[in-house]
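S.K.: Structure incoming, see below.
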Amino acid sequence: MKNQFLFVINDIRKNKVYFSWNIIQISIVCVLLSIILQSAFEYRDVKDKFDKITEQSEIYMFRDETTDEKFDELLNDENKLQELAELYDSVQKRVEDPRGDILSFTANSNKRFYMSEELAKDIAQIWKVPEETRDSLEMISVSENFFQIFQLKPEGDLEQFKKKSEGKIPVVLGSSFQKIYQLHDIIYDSNHQAYEIGGFLEEGSYYIAPGERREPVYLDQVILKLSEIDPEDSVDLLDYFVTTYYIIKDKDFMENVVEQSRDKDLMDLSINNFSFQMDAITGDIKDEMILNGSIMVILFIFCLIAMTGNVLQFISDAKREFAVHMMCGADKGAIIFRIIMQMWCIYISSAVFVILIKKASKTAFMSLAFSGLYILLLCLLPIWILKRQTIQTLYKKSYE
């Protein structure tokens, strides 16, 4: 057995170019397949979330068409602020009415988390912060029901997320922060405000924000805090109306809010239906999946032809050597083992690269299982060829 492994090592050394090229091909195919599977799971997940959210309703949001002049007036006029607070209060009463059929959630990403020097040093250890935002992190203020609506299950106690204690603001962090922080650790912003870590999201967690972008918003590097509206803060009130989504059967309630706002000369609001944009998001994911799938099929066919050709070439080049070994007492099983081991060495080397690139994810292991099946089928080729050969035919064909 030891001699067989020595032969395998020697074969790999003599054919290192083909060996390396096959590793690259299989690695690329596996990575692409992993991306396709990830897109497929994401597509299914996004579609399921969308279908659940809009099972019996539509998603609406206010669109702000207020001019800059009027906006400045709203920020500085105390009477306008009071009227805006009254409008907000009436909306909240309607939303919170247990007899009503209005479901809303808030996801406000307009503000950023400006880091303390210590936090900035910690973050620099786990990911590269873009130069243009090197002093701040993405922060999203969310409503209490945000996690339930998007089926997010943070590690930690969500009840603590809703309670502010001893001047510390509770936050839930994306999975990337878990590399250096633990539950109940304290982080600080640039104003030395303390934030207590109440939970961590699972890796790959995301939500859908059709008012902001067409693709899902991933939360791995995001800080989530509870949205709190100060009725005496005009910026908070204005943000509320343009960062809150309403899941309702009809938009009569929202049309009334638009009418009240215009009658009182407050914000110039209109209504956006985002259901069609949710369809666009799932469509984009599907298109990406089809594109990657087409590339993978082409590469797989190329890989199939190349690896099959390499195996046939190796057998053809080594027929005389195989015949001599068999005359010296080696059986066909030992020679077949020698060829097959090269294939599995290629597979194992590719698997290492794939796991380094895609990590130990479910899609990585599924792609490796697929490539393992391909290698298994390819192993039948030398078995089929050599089982039909004798010492004489191998020796004779080595001179053809």
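The values are calculated or read from the model by the stated rules, or taken from the named source; none is laboratory data. Keep in mind it's a predicted model, so treat the numbers as computed, not measured. Heads up, the Cβs are rebuilt from the backbone with ideal geometry, glycines too, and the neighbour counts pull from every protein chain shown. Quick note on the areas: whole protein, heavy atoms, side chains included, nothing else; ligands and nucleic acids left out. Shrake-Rupley method; radii C 1.70, N 1.55, O 1.52, S 1.80 Å.
S.K.: Being at pLDDT below 85, touching a strand residue (DSSP E or B) at 6+ places or on another chain (Cβ under 8 Å) and more than 21 Å from K70 (Cβ to Cβ) narrows it down to one residue among N273, N191; which is it?
M.R.: Answer to the selection: N273.
S.K.: Please determine, by comparing only the residues of segment 363-380 that are touching a residue at least 24 places away in the same chain (Cβ under 8 Å) and either farther than 23 Å from I339 by Cβ or outside any helix (DSSP H, G or I) (or both), which one is most open to solvent (accessible area, probe 1.4 Å).
M.R.: Restricting to residues being touching a residue at least 24 places away in the same chain (Cβ under 8 Å) and either farther than 23 Å from I339 by Cβ or outside any helix (DSSP H, G or I) (or both), the top hit is M366.
S.K.: Does segment 87-105 contain any residue that is among the small types (G, A, S) and more than 33 Å from the chain's Cα centre (by Cα)?
M.R.: Within segment 87-105, one or more residues are among the small types (G, A, S) and more than 33 Å from the chain's Cα centre (by Cα).
S.K.: Sticking with this one: Within segment 75-86, can one find any residue that is open to solvent by 30 Å² or more (accessible area, probe 1.4 Å) and in contact with a Ser or Thr (Cβ under 6 Å, 6 or more places away or on another chain)?
M.R.: yes
S.K.: Which of the residues that make up segment 80-110 are under 25 Å from F147 (Cα atoms) and among the charged types (D, E, K, R)?
M.R.: D89, K93, R94, E96, D97, R99, D101
S.K.: Filter segment 251-264 down to the residues that are in contact (Cβ under 8 Å) with a residue 60 or more places away in the chain, open to solvent by 40 Å² or more (accessible area, probe 1.4 Å) and more than 23 Å from E73 (Cα to Cα) and list them by number.
M.R.: The answer is K251, and nothing else.
S.K.: Going residue by residue through segment 265-275, is there one that turns out to be assigned to a strand (DSSP E or B), crowded, with 18+ Cβ neighbours inside 10 Å and under 26 Å from the mean Cα position of the chain (by Cα)?
M.R.: Scanning segment 265-275 turns up no residue that is assigned to a strand (DSSP E or B), crowded, with 18+ Cβ neighbours inside 10 Å and under 26 Å from the mean Cα position of the chain (by Cα).
S.K.: Go through (1) assigned to a loop (DSSP other than H, G, I, E, B); (2) closer than 15 Å to L237 by Cβ; (3) among the acidic types (D, E) for E83 and report which single condition fails.
M.R.: In the conditions (1) assigned to a loop (DSSP other than H, G, I, E, B); (2) closer than 15 Å to L237 by Cβ; (3) among the acidic types (D, E), E83 misses (1) alone.
S.K.: A follow-up question, please. Condition first: exposed (fewer than 13 other Cβ atoms within 10 Å of the Cβ) and either part of a helix (DSSP H, G or I) or free of Cβ contacts under 8 Å to residues at least 12 places away in the same chain (or both). Now tell me which residues in segment 91-113 satisfy that.
M.R.: K93, E96, D97, P98, R99, G100
S.K.: Moving on to the next point. On the basis of being more than 30 Å from R262 (Cβ to Cβ) and touching a residue at least 24 places away in the same chain (Cβ under 8 Å), does E58 make the cut?
M.R.: no
S.K.: For segment 114-126, what are the residues that are of a type in the set (A, V, I, L, M, F, W, C) and open to solvent by less than 30 Å² (accessible area, probe 1.4 Å)?
M.R.: Scanning segment 114-126 gives M115, L119, I123.
S.K.: Are there any pairs, at least 6 apart or on different chains, whose C-beta atoms fall under 9 Å, with the first in segment 77-90 and closer than 16 Å to D263 by Cβ and the second open to solvent by 50 Å² or more (accessible area, probe 1.4 Å) and in a helix (DSSP H, G or I), and if so, which?
M.R.: K80/E73; L87/Q260; S90/Q260
S.K.: Related question: Taking the condition of being touching a helix residue (DSSP H, G or I) at 6+ places or on another chain (Cβ under 8 Å) and open to solvent by less than 100 Å² (accessible area, probe 1.4 Å), how many residues in segment 351-362 meet it?
M.R.: Number satisfying all stated conditions: 5.
S.K.: Let me ask something additional. Somewhere in segment 223-245, is a residue farther than 23 Å from V171 by Cβ, open to solvent by less than 30 Å² (accessible area, probe 1.4 Å) and touching a strand residue (DSSP E or B) at 6+ places or on another chain (Cβ under 7 Å)?
M.R.: Scanning segment 223-245 turns up at least one residue that is farther than 23 Å from V171 by Cβ, open to solvent by less than 30 Å² (accessible area, probe 1.4 Å) and touching a strand residue (DSSP E or B) at 6+ places or on another chain (Cβ under 7 Å).
S.K.: Filter segment 298-317 down to the residues that are open to solvent by 30 Å² or more (accessible area, probe 1.4 Å), among the aliphatic types (A, V, I, L, M) and modelled with pLDDT under 80 and list them by number.
M.R.: L299, L304, L312 - these are the residues of segment 298-317 that are open to solvent by 30 Å² or more (accessible area, probe 1.4 Å), among the aliphatic types (A, V, I, L, M) and modelled with pLDDT under 80.
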